[in-house]
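A quick write-up on the structure given underneath.
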Amino acid sequence: DPAGSYTITVNGGVEEEYYTLQVIQIPADGPVFEVSQPEGLAAAGVASAEQSAPGTQTLSTQVPVYETSGLAGLDDVAFETAYLKDAGGNYLAAPDVNVRVFADPAGTFDVPAGERKTFVAEFTLPNDLVQGTYTLGLNVTVSASAPPSALNEIAPWSSRPGNASIRTVEIPVYVEVPANVPAPTAASYDEDDGRLLVTGATDPGYLAVLFVDDVATAIMVPDSFGSFNGSYTLKPRTSVYEVYLKGADYSANYSTEEVFTSSITVTLLSDSDAPVITVLSPVEGAIMDNDMGQILFEVTDVLGTVVLSDITVSLDSVDLSTGLYIDGNGRYAVDLTGGLADGAHTIVITAADNSSNTAVKTVNFTSAGQPVVTFTVINGEGATVSLAGGLKTATVTSGAVIIGISDGTYSYTITKEGYKTVSGEVTVLGDTTVPTITLEVTYDVTFTITDDDSGAPVAGATITITGPGSETTGITTLAGGTATTALTDGTYSWTASASGYTATTSQNFTVAGAPLPGLAAALTEVARIDAENYKTAHAAALALTVGTVRVADETIVNAALAAYDALTAEAKAKLTAEKSLLDSLADQIEALKIAAVTDAANFRIAHAAILAETVETLTVDDKDALFAARSAYDGLIPEAKANLTAEKTLLDALYQQMRTFGFNVSGTLALQGRTSGKLDGVTITLSDGGSVVATTVTNADGSYAFDVILMGSYTLKA
């Protein structure tokens, strides 16, 4: 809004692209129908429908229903379509209606007093409606337990059985069916190595749209005679393109027909062209200053793609690709340090694209005017001198070597088999001579590192050697636990260390004109030390067994388990038996806790009678029950006894009380080894610790008796 024609211009890439946008005025929504009732009940509806092409049409309308606080509320709101009629008043088949609560699809259809709900009614209109204006009648029925009496008398509401009222809302429906868009005619195409050329004709006032892979890609506007043409570039790819045309109007409505008759397949020509390498510096045949700085070049490819990792650069057969980068201007560069020796040089550059097409570019040039550095090396015949990190190398002959390099400060190394490597730094300012260097003979020194417990070799151990002048060397043992290094004559100290082991103390050795093959050290595994320390620290817990452990041992057992958890995996692996024991002890402690409660409860049940007695109520008749309870208590586990302290105190008090009672003691005297004889008149004494407590004599049948004897232990004598 407002209606009219607009042009969208998209600037970007190589070309400008133009699109035309036609804006039309959409009819306004239908009027809102609202009826205010004296008691505040009302319903309203509004809707419109549009159709961009023949087919199913969906209509949606909102109907607000509200209640004033003076009413009791609506129990239910229902909707149904009453009719559908055209502009001439002809009735058509009424569509079904589907209703939901706005913003709450699972909402209920009641309306509480003083509240308002908006309902959304959706209709599916017949798909054969022609363009025009229609009227949809929507019945809105409300029911309540006690509606206002005036409701049934006020139009447009009318009464229905069951305290219900109904009204009909008429909703205008606008259906727009645009004219059928014609497809282009006389369309043809030509494909030239990815460039798609399209021509054809269409009715005036319509457009031709090119679709590529089902996407509208290009719009072609016909001239006054209806002819159009256009082109589109298809980028290289391995898969094919699906291409076709459709007609379109300015409202973006498309023809149903696709041309060229059916979709066509466009296959691109393969990328067979190699990349093009252009060397910017140095150029072919150039005579360069020896300190030229860098190699600079460009790589282009028409259809393919070249990435940095697919480019190699070498100078005089030395690979410089690791130093290749792209500068701020998008060019490829390799920086050179140390300059170049006087004379001829060759650069070789290769580049491959994503289609495996490879280009090679060779540039020959000459450098001149470079200073030289002279090395004099005693014992150096055949030694290799490396300057500037390997940028320049040369071999010593007749005790000396001369290397060309630009002014600057450089590191150097001199290496020779059987001799100590010499490293240093030289500053070049014009022709420079390095002070004489002497190479020293070296001898192999071999170290062997083992585990002090198993004797197994320790691989990966680090041997640190400190020699004359505090010079330090580090070497690492191989799988067999050995490591060898070459050392010159002198006295050295060394230590050995390894992951998981304690380091050795420093030891000394001397190299005196011969190899040393037998230096050795044994390392102690840290895990073994930790395991032994653990056993010592938790010896008390580890001395327990399932049969001897008590609940009172829980603290030391838990401490041992916690300490185990804090150990390394290597130390734990050496304590599998100890861990198994501790787990068993912990389980037994839990079992003892349960047994302590269970046994104590069972004891209280079994001996409830005697436990109900007091010192005042106890009688001689309770003797057996008291003794049975005391005996049962003595057989309990300590943990159960700990739960029966009050009961034990009571039993002890009852026992002391029982000892104050007098008991009748009786028995019968028999003659050993005889079946008959005189049994009466035999004196029987009852003694307590040597003191006579009572005396009696036997009857004719050998029976005897003592009266009122206190509870205790006595000796009988006849």
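Can you spot a residue in region 358-367 that is at pLDDT 90 or above, outside the structural domain of Thr433 (by the TED database), touching a helix residue (DSSP H, G or I) at 6+ places or on another chain (Cβ under 8 Å) and hydroxyl-bearing (Ser, Thr, Tyr)?
For region 358-367, residues at pLDDT 90 or above, outside the structural domain of Thr433 (by the TED database), touching a helix residue (DSSP H, G or I) at 6+ places or on another chain (Cβ under 8 Å) and hydroxyl-bearing (Ser, Thr, Tyr): absent.
Just to be sure before I move on: is Thr660 free of Cβ contacts under 8 Å to residues at least 12 places away in the same chain and either assigned to a loop (DSSP other than H, G, I, E, B) or among the β-branched types (Val, Ile, Thr) (or both) in the structure I sent?
Values: free of Cβ contacts under 8 Å to residues at least 12 places away in the same chain: no; either assigned to a loop (DSSP other than H, G, I, E, B) or among the β-branched types (Val, Ile, Thr) (or both): yes.
The answer is no for Thr660.
Being over 30 Å from Ala606 (Cβ atoms), polar (S, T, N, Q) and touching a Leu at 6+ places or on another chain (Cβ under 7 Å) narrows it down to one of Thr715, Thr675, Thr685, Thr698, so name that one. Talk me through it step by step, then tell me what you get.
Values: Thr715 fails: touching a Leu at 6+ places or on another chain (Cβ under 7 Å); Thr675 fails: touching a Leu at 6+ places or on another chain (Cβ under 7 Å); Thr685 fails: touching a Leu at 6+ places or on another chain (Cβ under 7 Å).
None of the other options fit; the residue is Thr698.
Please go through region 347-381 and pick out each residue that is touching a residue at least 40 places away in the same chain (Cβ under 8 Å), more than 11 Å from Val276 (Cα to Cα), part of a strand (DSSP E or B) and polar (S, T, N, Q).
Asn364, Thr366, Ser367, Thr374, Thr376
If Val396 satisfies every condition in (1) free of Cβ contacts under 8 Å to residues at least 24 places away in the same chain; (2) touching an Asp or Glu at 6+ places or on another chain (Cβ under 7 Å); (3) more than 23 Å from Thr442 (Cα to Cα) but one, which is the exception?
(3)
Here are some conditions: (1) touching a Phe, Trp or Tyr at 6+ places or on another chain (Cβ under 8 Å); (2) outside the structural domain of Glu590 (by the TED database). Arg630 meets all but one. Which one does it not meet?
(2)
Do you know which of the residues in region 680-718 that are modelled with pLDDT under 90 and β-branched (Val, Ile, Thr) is farthest from the chain's Cα centre (by Cα)?
Val693
Taking Tyr419, is it under 23 Å from Thr395 (Cα atoms), touching a residue at least 24 places away in the same chain (Cβ under 8 Å) and hydroxyl-bearing (Ser, Thr, Tyr)?
yes
Inspect all residues belonging to region 107-123 and state whether any of them is without any contact (Cβ under 8 Å) to a residue 24 or more places away in the chain and either at negative phi or in a loop (DSSP other than H, G, I, E, B) (or both). Explain how you work it out, then say what you get.
Taking region 107-123 first, the residues without any contact (Cβ under 8 Å) to a residue 24 or more places away in the chain are 107-108.
When the remaining residues are screened for being either at negative phi or in a loop (DSSP other than H, G, I, E, B) (or both), the result is 107-108.
Yes: one or more hits.
Give Asp634, Asp707 a once-over and let me know the one that is surrounded by fewer than 16 Cβ atoms within 10 Å (Cβ to Cβ), of a type in the set (Asp, Glu), without any contact (Cβ under 8 Å) to a residue 60 or more places away in the chain and farther than 30 Å from Arg550 by Cβ.
Values: Asp634 fails: farther than 30 Å from Arg550 by Cβ.
On inspection, the qualifying residue turns out to be Asp707.
Please work out which residue is farthest from the chain's Cα centre (by Cα), limiting yourself to region 387-409 and to residues that are of a type in the set (S, T, N, Q) and either buried (at least 19 other Cβ atoms within 10 Å of the Cβ) or on the phi > 0 side of the Ramachandran plot (or both).
For region 387-409, the residue satisfying everything is Ser398.
Evaluate the following for Ala479: is it in a loop (DSSP other than H, G, I, E, B) and of a type in the set (A, V, I, L, M, F, W, C)?
Here the answer is yes, as Ala479 does meet what is asked.
Of (1) hydroxyl-bearing (Ser, Thr, Tyr); (2) under 23 Å from Leu567 (Cα atoms); (3) more than 39 Å from the chain's Cα centre (by Cα), Thr485 satisfies all except one. Which?
Condition (2) is where Thr485 drops out.
Please count how many residues of region 314-332 are in a strand (DSSP E or B) and either in the same structural domain as Ile402 (by the TED database) or surrounded by fewer than 19 Cβ atoms within 10 Å (Cβ to Cβ) (or both).
Qualifying residue count for the region: 6.
What's the number of the only condition in (1) touching a residue at least 40 places away in the same chain (Cβ under 8 Å); (2) assigned to a strand (DSSP E or B); (3) surrounded by 15 or more Cβ atoms within 10 Å (Cβ to Cβ) that Leu296 fails to meet?
(1)
Among the listed residues Thr649, Thr645, identify the single one that is loosely packed, with under 12 Cβ neighbours inside 10 Å, under 60 Å from the mean Cα position of the chain (by Cα) and assigned by the TED database to the domain that holds Thr619. Show your work before the answer.
On the way: Thr649 fails: under 60 Å from the mean Cα position of the chain (by Cα).
Answer to the selection: Thr645.
Within region 441-462, does at least one residue satisfy the condition of being surrounded by 15 or more Cβ atoms within 10 Å (Cβ to Cβ) and at positive phi?
no
Working only within region 475-500, note down all residues that are over 21 Å from Gly418 (Cβ atoms) and among the small types (Gly, Ala, Ser).
Ala479, Gly480, Gly481, Ser493, Ala496, Ser497, Ala498, Ser499, Gly500
Could you count how many residues in region 421-440 are in a loop (DSSP other than H, G, I, E, B) and surrounded by 18 or more Cβ atoms within 10 Å (Cβ to Cβ)?
Of the residues in region 421-440, 1 are in a loop (DSSP other than H, G, I, E, B) and surrounded by 18 or more Cβ atoms within 10 Å (Cβ to Cβ).
Using the structure shown, decide if Ala577 is surrounded by 12 or more Cβ atoms within 10 Å (Cβ to Cβ) and either at pLDDT below 95 or part of a helix (DSSP H, G or I) (or both).
Working: surrounded by 12 or more Cβ atoms within 10 Å (Cβ to Cβ): no; either at pLDDT below 95 or part of a helix (DSSP H, G or I) (or both): yes.
Against the criterion (surrounded by 12 or more Cβ atoms within 10 Å (Cβ to Cβ) and either at pLDDT below 95 or part of a helix (DSSP H, G or I) (or both)), Ala577 does not qualify.
Any residue at all in region 608-626 that is touching a residue at least 40 places away in the same chain (Cβ under 8 Å), buried (at least 17 other Cβ atoms within 10 Å of the Cβ) and part of a loop (DSSP other than H, G, I, E, B)?
yes
Looking at Asp530, Asp453, which one is more than 20 Å from Ala383 (Cβ to Cβ) and in contact with an Asp or Glu (Cβ under 7 Å, 6 or more places away or on another chain)?
Exactly one of Asp530, Asp453 is more than 20 Å from Ala383 (Cβ to Cβ) and in contact with an Asp or Glu (Cβ under 7 Å, 6 or more places away or on another chain), namely Asp453.
The values are calculated or read from the model by the stated rules, or taken from the named source; none is laboratory data. Nothing here was measured: the structure is a model prediction, and the numbers come from that model. Neighbour counts run over all protein chains shown; Cβ positions are idealised from the backbone, glycine included.
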